[in-house]
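J.: The structure's right below; bear with me while I get my questions together.
What follows is calculated from the coordinates using simple rules that are stated; it is not laboratory data. Predicted model only: the values in this text are computed from it and were never measured. Counting neighbours? That spans all protein chains shown, and the Cβs are built from the backbone with ideal geometry, glycine included.
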Amino acid sequence: MKRLAFPAAAAGAALLAMPAHAQSIDEKVNQIFSSSTGWFVNLIFSNFPGTSFPWIVAWLVIGATVFTLYFGFVQFRAVGHAIALVKGDYSDPNDAGEVSHFQALATALSGTVGLGNIAGVAVAVSIGGPGATFWMILAGLMGMASKFTECTLGVKYRNEYPDGRVSGGPMYYLTKGFAERGVPGGKILAVLFSIFCILGALGGGNMFQANQAHQQIAGIVGEFPGWITGVIFAGVVFAVIVGGLKSIARVTEKVVPFMGILYVGTALIIILMNADQIGWAFGQIFEGAFTGLGVAGGMVGALIQGFKRAAFSNEAGVGSAAIAHSAVRTKEPITEGFVSLLEPFIDTVVICTMTALVIIITGQLVAGPDGNYLLNEAGTAIQTVGGTSGVGLTSAAFGSAISWFPYVLAVAVILFAFSTMISWSYYGLKAWTYLFGEGETKELVFKVIFCIFVVIGAAANLGPVIDFSDAAIFAMAVVNIIGLYILMPIVKRELNGYLSRLKSGEIKKFE
Amino acid sequence: MSGKFVVGYDGSVSSRRALEFAVDRARAQGGTIVLAHVLEWSPYSFLTASELEERHKRRREEMERAEKAITSTVVTELQDSGMPVETVIRYGNTADLLCRIAKEVNAVQIVIGRDGQSAIGARVFGSVAGALVQTAPVPCTIVP
């Protein structure tokens, strides 16, 4: 997920720091929002009593652990088969022209790879130290099982309309799946999920993205009013989602994966340029994971940051991916579950780890003579070479090795922000039509609201609004994971049935 | 000798020439025509979420449109002239699919047209004719 989605951290505040224009309106909006929604934000992001561990992070991690154990470490057993499915080895050639596993995965990935991988990881490493990387990777590996569960259900209980359209997601499996199991409350959960999904789409999937994109542009060309960025972005988003200007979306869909590969490739080059430090960097990661290396909060601090960033980056358990994955053409819902396993792996285990390694290896974190890291004056994060944080830290790390790369990174951030907006506009729309029914006017209303929020997001410093929308996205996870617990026996049945048919040779490769 | 002639047909002038050539040969040999229409498609292309949702619907529409366009014109024309013809409409890579169809129907020959792409264009973007020459499982005629 491409958000720096947490309200409390100081680094987030630094990233969101906005110019002083339009302050009175901002302040008013902030006041109204924080007074009416603060309780909700506090509820979602509150810590366990006496700790600084937010319960929502525990909720996601416990969910991921339960699914990992229940499905017998499916994320390790099925990786080979998942890759074969993505390659198309098991696709019926007569289904050519339908949505392939690769396409479903690529679209879902373009919705999750983004700011979380670039800025979020920087926050994790600067607050939790290199050790946070270890916990982030672990959480990413566990999150694969959550994705597997939700995406299987997304395909199994999707709606296929007479005109040939396909749409799925938590709202459908919550209602249909619960009804099938005879468990009450599915409809209520589905409605709750849809409400949270709309709010999350408008906030984290939209305003936050617009805001960050403006920060990047302003960082290159100098300060200028955010509404200008907002109007341009809103115009482009409008052209794509209302005007049906597919060419723009198609260009983005092609450029975003390219940017992702360029990012990982550059990170690899920088890591190889410092090949003699790789052993040291991993040493820092493992040592830091269990000792904290003198970081504020020690080992627990590293663990919280790592878990938090992973959960916020790959969206495993949130339910959004189930919407994107559900359009695939397959007779076996479980196959899309296998394919979706790869999503947290690519997002967190590969891309996030690259960011962390580059930051560590280029020596952005300042260590004292005893080898422990020095904290900044406020004592909230590790001192960095240029006093940077968030996107700035990642940018400085890449820039220290390749001087012009920060410009490429800025373009990448803007494109990632745009593709996230397009993805979330779709997720929000699906939730909207679930609540209000389909119809051109109803859909247009949502799309116009979405575009207006782009302008608001870019123009203003709406900390509380963004806190609220982040809280809404994680509220999606509360509802979704309850559903996954109830429905996981169905997934297990699918899994066992499929694996035995695969073993017996009933399911085989084409050609 | 009789047999099936697979003709790569997309409605263009050059594919029309290829068809005429194949019909002449088929008449002379007592063979039949298999009209192959390929909709270029890669399972590795990138689509947005809303395009994914509508993919199945669009595919159905595209197939119907293609079938209508071909059947309403050449197929009736050929059948009226007494030439047995079957049509195959598929998604994928044109050269790959022509080879596959040729194998499936046990064709004696593949016939395609070419639109006189420049040599350098063909080199950069690749050409169906070039790929077929390399990979065709049966003799292949390229009608200029």
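J.: Could you work out the mean count of beta carbons from other protein chains within 10 Å of each residue's beta carbon in A:91-101? Let's see the in-between values first.
T.: Numbers: counts 1, 0, 6, 2, 4, 11, 15, 9, 9, 8, 1.
That works out to 6 on average.
J.: Quick one: in the stretch A:398-494, what % of C-alpha pairs are over 19 Å apart?
T.: Within the stretch A:398-494, distances greater than 19 Å cover 64 percent of Cα pairs.
J.: Further, regarding this structure: Rounded to the nearest 500 deg cm²/dmol, what is the calculated helix-only ellipticity per residue at 222 nm for chain A, with -39500 (n - 2.57) per DSSP H run of length n ≥ 4?
T.: About -23000 deg cm²/dmol.
J.: To continue, here is another question. Let me understand the protein assembly as shown better: what is its radius of gyration from the alpha carbons, and its Dmax, in angstrom?
T.: Cα only, the protein assembly as shown: 27.4, 93 Å (Rg, Dmax).
J.: So, one more: Volume per residue, Å³, of the convex hull around the alpha-carbon atoms of chain B?
T.: Once divided by residue count, the hull of chain B is 114 Å³.
J.: I need to check one value: relative contact order of the stretch A:371-413, counting alpha carbon pairs closer than 8 Å and at least 6 residues apart, in percent.
T.: Computed over the stretch A:371-413, the figure is 20 percent.
J.: Roughly how big is the stretch A:222-317's charge dipole about its Cα centre, with Cβ charges of +1 (Lys, Arg) and -1 (Asp, Glu), in debye to the nearest 20? Before the final figure, lay out the partial values.
T.: Details: 5 positive and 5 negative charges, 71 e Å.
Taking the Cα centre of the stretch A:222-317 as origin, the dipole is about 340 debye.
J.: Taking only the alpha carbons of the stretch A:232-331, what extent do you get along each of the three principal axes, in Å, biggest first?
T.: Principal extents (Cα only, largest first): 54, 39, 34 Å.
J.: Related question: Show me, bin by bin at 10 Å from 0, the whole-percent P(r) of the stretch A:109-259 based on Cα pairs.
T.: 9, 23, 34, 24, 9, 1
J.: Return, for the Cα atoms of the stretch A:75-127, the radius of gyration and Dmax in Å, separated by a comma.
T.: 16.0, 52
J.: Oh, and also: Given A:LYS156/A:LYS331; A:LYS87/A:LYS509; A:LYS28/A:LYS442; A:LYS156/A:LYS447; A:LYS147/A:LYS308, which pairs have Cα atoms separated by over 18 Å?
T.: Check vs 18 Å cut-off fails for A:LYS28/A:LYS442; A:LYS156/A:LYS447.
J.: For peptide A:324-331, compute the average count of partner chain beta-carbon atoms within 10 Å of each residue's beta-carbon.
T.: The mean count of partner-chain Cβ atoms within 10 Å per residue comes to 3.
J.: Right, something else. For the stretch A:331-457, what ratio Rg/Rh do Cα atoms give with a Kirkwood hydrodynamic radius?
T.: 1.13
J.: Right, here's the next one. Enter the mean number of other protein chain beta carbons within 10 Å of the beta carbon of each residue in B:56-64, as an integer.
T.: Counting other chains' Cβ atoms within 10 Å and averaging over B:56-64 gives 4.
J.: So for the stretch A:172-266, considering every pair of alpha-carbon atoms, how many percent are separated by more than 19 Å?
T.: More than 19 Å apart: 65 percent of the Cα pairs in the stretch A:172-266.
J.: Step through the residues of the stretch A:262-272 one at a time and calculate ³J(HN,Hα) from phi using the Karplus curve (6.51 cos²θ - 1.76 cosθ + 1.60, θ = phi - 60°), rounding each to whole Hz and writing x for Gly and Pro.
T.: With the stated coefficients, the stretch A:262-272 comes to 4, 5, 5, x, 5, 4, 4, 4, 4, 5, 5 Hz.
J.: I've got another one for you. Check each of the chymotrypsin sites (Phe, Trp or Tyr not before Pro) in the stretch B:13-86 and keep only those in coil by DSSP with at most 13 other C-beta atoms within 10 angstrom; list them in order.
T.: Passing both the DSSP loop test and the Cβ count: B:TYR44.
J.: Run through the stretch A:360-421 and list the chymotrypsin sites (Phe, Trp or Tyr not before Pro) located in a DSSP loop whose Cβ has at most 15 other Cβ atoms within 10 Å.
T.: Within the stretch A:360-421, the qualifying chymotrypsin sites (Phe, Trp or Tyr not before Pro) (loop, at most 15 other Cβ atoms within 10 Å) are A:TRP404.
J.: Starting with the highest mean, order A:160-167, A:264-271, A:137-144 by the number of other Cβ atoms within 10 Å, averaged over the residues of each peptide. Please report the intermediate quantities before stating the final value.
T.: Details: A:160-167: 14.9, A:264-271: 17.4, A:137-144: 25.9.
Most protected by this proxy first, the peptides run A:137-144, A:264-271, A:160-167.
J.: Order these peptides, A:230-238, A:249-257, A:421-429, by their mean beta-carbon neighbour count within 10 angstrom, highest first.
T.: Highest to lowest by the protection proxy: A:421-429, A:230-238, A:249-257.
J.: Magnitude of the Cβ-charge dipole of the protein assembly as shown, K/R +1 and D/E -1, about the Cα centre, nearest 20 debye?
T.: Taking the Cα centre of the protein assembly as shown as origin, the dipole is about 940 debye.
J.: Can you find, among B:SER14, B:VAL88, B:THR141, the residue sitting farthest towards the positive end of the charge dipole of the stretch B:6-144, where Lys and Arg contribute +1 and Asp and Glu -1 at Cβ?
T.: Going by the Cα projections, it comes out as B:THR141.
J.: Just round it to a whole percent: the fraction of Cα-Cα distances in the stretch A:323-388 exceeding 13 Å.
T.: Across the stretch A:323-388, Cα pairs with separations above 13 Å total 74 percent.
J.: Have a look at the stretch A:54-187 and give its Rg and Dmax from the Cα atoms, expressed in angstrom.
T.: Computed over the Cα atoms of the stretch A:54-187, radius of gyration and Dmax are 17.7, 54 Å.
J.: Quick one: of the DSSP bridges fully inside the protein assembly as shown, what percent are antiparallel, nearest 5?
T.: 20
J.: Report, by chain and number, residues whose modeled amide H sits under 5 Å from the one on A:LEU375, excluding near sequence neighbours (fewer than 5 apart, same chain).
T.: Excluding prolines and chain starts, which carry no amide H, the hits are A:GLN383.
J.: Which value at 222 nm does chain B reach when only helices count, each DSSP H run of 4 or more adding -39,500 (n - 2.57), with the total divided by all residues and rounded to the nearest 500 deg cm²/dmol?
T.: Estimated from H runs of four or more residues: -15000 deg cm²/dmol.
J.: If you count, for each residue, the other Cβ atoms within 10 Å and average over each peptide, how do B:55-66, A:118-129 line up from highest to lowest?
T.: Ranked from most to least packed, the peptides come out as A:118-129, B:55-66.
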